[in-house]
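First the structure, in the form of structure tokens, and then the observations on it.
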């Protein structure tokens with residue numbers, strides 16, 4: 001148990017509450033870190049405050065992600081100045097002429113970018129932002145779609161998430177004292193846990209329901225009504241995390257070309273994947289030899305092992321650098337700009353990421369505070385003890401959500417809870433087949449709760465990056481997404497309670513959960529719209545020529 005007790009929860013909660021109330025993310029995060037330093041030192045704590053902020057930069061993974069973010073800003077600037085953004089906007093708007101089509105396209109693209117949540121937010125957000133603006137989809141809505149098809153998808157497919165999850169399963173069993181010969185394979189446990197990762201699955205379903213029906217409620221209904229009727233894709237007074245058009249000006253390219261968008265983005269994806277496999281020890285020669293020998297199992301196993309062992313943060317950095325280099329080459333090839341101007345554009349691209357980088361560093365600084373005060377361990381040990389097996393899944397889900405919300409890290413939450421929850425599950429069942437079953441459930445609900453809390457937290461890096469690449473105000477993104485994340489969270493809690501009592505197959509519960517989400521979206525949107533005196537459904541018709549033209553044909 002943390003020596004600081006309940007005080008260990010104060011810094012992250014102070015930062016979150018201040019961020020939501022004041023909409024000043026940077027100030028709120030700094031004050032959260034400072035309050036932690038005061039608690040930790042018992043004094044003014046300003047020196048410790050900056051030591052924690054600097055410590056966040058000394059972590060190799062986090063420093064690499066910062067370099068990736070800055071390089072990606074340069075890549076975005078290259079695409080913009082090449083006219084690629086305009087080209088893809090013009091191309092897409094001819095085909096995606098309704099909000100529903102654009103929303104479903106963003107959702108589908110998010111599913112396809114399953115290999116990494118950071119790359120997912122960057123590619124989908126950058127590709128769809130101008131298209132959704134043209135259709136008067138609020139930036140808050142696009143940020144929600146992107147955020148809900150990033151981490152949830154990554155935790156279900158072949159990605160860095162899965163590699164981390166497999167290592168935690170092994171650690172949990174070892175902590176429980178179960179010998180390797182007395183337990184299923186780690187991958188078997190992971191597969192059994194997938195149906196219990198209910199939040200990730202139902203969050204993806206929720207996006208389809210929201211986009212497909214066009215119904216909204218809570219602050220998202222306000223945002224969508226504003227965007228549709230007034231043509232304001234961001235709230236007046238909002239501070240978008242990224243505003244390319246304002247910061248970079250009109251692109252010098254006179255002829256928009258699709259290749260100037262798809263080539264840099266394609267290079268980013270291909271080089272990232274290739275580098276990831278290379279860092280995971282993949283050998284193209286050995287892979288080809290296995291295929292020629294007809295040993296598809298060995299070839300597939302080698303590919304799988306390389307994907308799990310990859311250093312994705314390094315791969316993303318190399319991929320984003322290749323994206324920038326492609327911009328240099330295309331600028332020269334099409335005589336849009338020379339090397340000198342390209343260099344200036346690359347540096348300008350760093351600038352559009354400064355807000356995101358600042359918030360990421362401070363969010364990681366909060367992570368240093370949480371680690372020093374033992375916040376996660378305090379919450380976990382306070383709540384997860386010897387409880388009834390029927391209540392354990394829903395309790396662990398809620399605790400994981402609280403930890404992830406207050407710490408802003410889903411991976412950290414998984415790392416804290418797994419070594420605690422798996423031994424508890426093994427103990428309360430007495431081991432054996434029942435123990436293995438409940439262990440798989442624990443794995444699934446820990447991942448599920450971690451993503452739930454992470455989605456709801458303004459100090460989460462994926463939340464920050466989703467707002468960044470869609471050009472949304474960070475706190476507006478959090479406030480609008482909270483209603484939808486909360487809805488899915490409540491449904492999951494109910495389903496886990498039902499499972500605890502009945503032990504019904506989780507696949508049936510997922511179908512029930514999807515039906516509950518459809519019903520709740522309809523009821524809540526109707527109730528909220530009637531309360532406000534507006535329509536609950538956006539008018540899903542082809543785009544108006546004048547973005548300030550309201551749905552009734554008058555101009556604002």
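The values are calculated or read from the model by the stated rules, or taken from the named source; none is laboratory data. Remember, it's a predicted structure, so these values are computed and weren't measured experimentally. When we count neighbours, we look across all protein chains shown, and the Cβ atoms used for this are built from the backbone with ideal geometry, even at glycine.
So in the range 329-350, with the set limited to residues that are in contact with a helix residue (DSSP H, G or I) (Cβ under 6 Å, 6 or more places away or on another chain) and under 30 Å from residue 24 (Cα atoms), which one is surrounded by the most Cβ atoms within 10 Å (Cβ to Cβ)? Walk me through how you get there before you give the answer.
As a first pass, look at the range 329-350 and keep what is in contact with a helix residue (DSSP H, G or I) (Cβ under 6 Å, 6 or more places away or on another chain): 330-331, 337, 342, 345-346, 348-350.
When the remaining residues are screened for being under 30 Å from residue 24 (Cα atoms), the result is 345-346, 348-350.
On the way: 345: 23, 346: 21, 348: 19, 349: 26, 350: 15.
Only one residue fits best here, namely 349.
Considering 48, 23, 89, which residue is buried (at least 17 other Cβ atoms within 10 Å of the Cβ) and under 30 Å from residue 343 (Cα atoms)?
Working: 48 fails: under 30 Å from residue 343 (Cα atoms); 23 fails: under 30 Å from residue 343 (Cα atoms).
Residue meeting the stated conditions: 89.
Looking at 501, 478, can you tell me which residue is assigned to a helix (DSSP H, G or I) and either closer than 27 Å to residue 381 by Cβ or touching a strand residue (DSSP E or B) at 6+ places or on another chain (Cβ under 9 Å) (or both)? Working first, answer last.
Working: 478 fails: either closer than 27 Å to residue 381 by Cβ or touching a strand residue (DSSP E or B) at 6+ places or on another chain (Cβ under 9 Å) (or both).
Testing whether each residue is assigned to a helix (DSSP H, G or I) and either closer than 27 Å to residue 381 by Cβ or touching a strand residue (DSSP E or B) at 6+ places or on another chain (Cβ under 9 Å) (or both) leaves just 501.
Which numbered condition trips up residue 337, out of (1) over 30 Å from residue 429 (Cβ atoms); (2) in contact (Cβ under 8 Å) with a residue 24 or more places away in the chain; (3) in a helix (DSSP H, G or I)?
(3)
For the range 352-361, does any single residue satisfy the condition of being in contact (Cβ under 8 Å) with a residue 12 or more places away in the chain, closer than 11 Å to residue 74 by Cα and either touching a helix residue (DSSP H, G or I) at 6+ places or on another chain (Cβ under 7 Å) or crowded, with 24+ Cβ neighbours inside 10 Å (or both)?
Step one: of the range 352-361, the residues in contact (Cβ under 8 Å) with a residue 12 or more places away in the chain are 352-353, 355-361.
Now restrict to residues that are closer than 11 Å to residue 74 by Cα: 352-353.
Okay, now just the ones that are also either touching a helix residue (DSSP H, G or I) at 6+ places or on another chain (Cβ under 7 Å) or crowded, with 24+ Cβ neighbours inside 10 Å (or both), so 352-353.
Yes: the range 352-361 contains one or more residues that are in contact (Cβ under 8 Å) with a residue 12 or more places away in the chain, closer than 11 Å to residue 74 by Cα and either touching a helix residue (DSSP H, G or I) at 6+ places or on another chain (Cβ under 7 Å) or crowded, with 24+ Cβ neighbours inside 10 Å (or both).
Could we say that residue 379 is surrounded by 14 or more Cβ atoms within 10 Å (Cβ to Cβ), in the same structural domain as residue 406 (by TED's automatic domain parsing), over 26 Å from the mean Cα position of the chain (by Cα) and modelled with pLDDT under 80 here? Before you say what the answer is, go through the steps one by one.
Details: surrounded by 14 or more Cβ atoms within 10 Å (Cβ to Cβ): yes; in the same structural domain as residue 406 (by TED's automatic domain parsing): yes; over 26 Å from the mean Cα position of the chain (by Cα): no; modelled with pLDDT under 80: yes.
No; evaluated as a whole, the condition is false for this residue.
Identify all residues within the range 507-534 that are surrounded by fewer than 16 Cβ atoms within 10 Å (Cβ to Cβ) and either at pLDDT below 80 or over 26 Å from the mean Cα position of the chain (by Cα) (or both); write none if there are none. Lay out the reasoning, then the answer.
Filtering the range 507-534 for residues surrounded by fewer than 16 Cβ atoms within 10 Å (Cβ to Cβ) gives 507-508, 511-512, 515, 519, 522-523, 526-527, 530-534.
Once the filter is applied, which keeps residues that are surrounded by fewer than 16 Cβ atoms within 10 Å (Cβ to Cβ) and either at pLDDT below 80 or over 26 Å from the mean Cα position of the chain (by Cα) (or both), the range 507-534 yields 508, 523, 526, 527, 530, 531, 532, 533, 534.
Residues in the range 455-478 that are under 8 Å from the mean Cα position of the chain (by Cα) and either crowded, with 24+ Cβ neighbours inside 10 Å or not assigned by TED's automatic domain parsing to the domain that holds residue 395 (or both): how many?
Of the residues in the range 455-478, the ones under 8 Å from the mean Cα position of the chain (by Cα) are 455, 461-463, 465-466.
Still in the list and also either crowded, with 24+ Cβ neighbours inside 10 Å or not assigned by TED's automatic domain parsing to the domain that holds residue 395 (or both): 455, 461, 463, 465-466.
Qualifying residue count, the range 455-478: 5.
Quick check on my filter: what residues within the range 386-419 are in contact (Cβ under 8 Å) with a residue 60 or more places away in the chain, within 29 Å of the chain's Cα centre (by Cα) and over 16 Å from residue 155 (Cβ atoms)?
Answer for the range 386-419, where residues must be in contact (Cβ under 8 Å) with a residue 60 or more places away in the chain, within 29 Å of the chain's Cα centre (by Cα) and over 16 Å from residue 155 (Cβ atoms): 391, 392, 393, 394, 398, 405, 406, 407, 408, 419.
Residue by residue through the range 420-433, note down the ones that are in contact (Cβ under 8 Å) with a residue 24 or more places away in the chain and part of a helix (DSSP H, G or I). First the steps, then the outcome.
If we filter the range 420-433 for residues that are in contact (Cβ under 8 Å) with a residue 24 or more places away in the chain, which is where we start, we get 420-429, 431.
420, 421, 422, 423, 424, 425, 426, 427, 428, 429, listed by residue number.
Could you list, in sequence order, all residues of the range 65-101 that are part of a helix (DSSP H, G or I), touching a residue at least 24 places away in the same chain (Cβ under 8 Å) and over 30 Å from residue 346 (Cβ atoms)? Write out each step before concluding.
From the range 65-101, those part of a helix (DSSP H, G or I) are 65-81, 84-95, 99-101; that's our starting set.
Now drop any that are not touching a residue at least 24 places away in the same chain (Cβ under 8 Å), which leaves 65-81, 84-93, 99-100.
Matches in the range 65-101: 99, 100.
Do we find a residue being assigned to a helix (DSSP H, G or I), under 30 Å from residue 8 (Cβ atoms) and at pLDDT 85 or above anywhere in the range 117-125?
no
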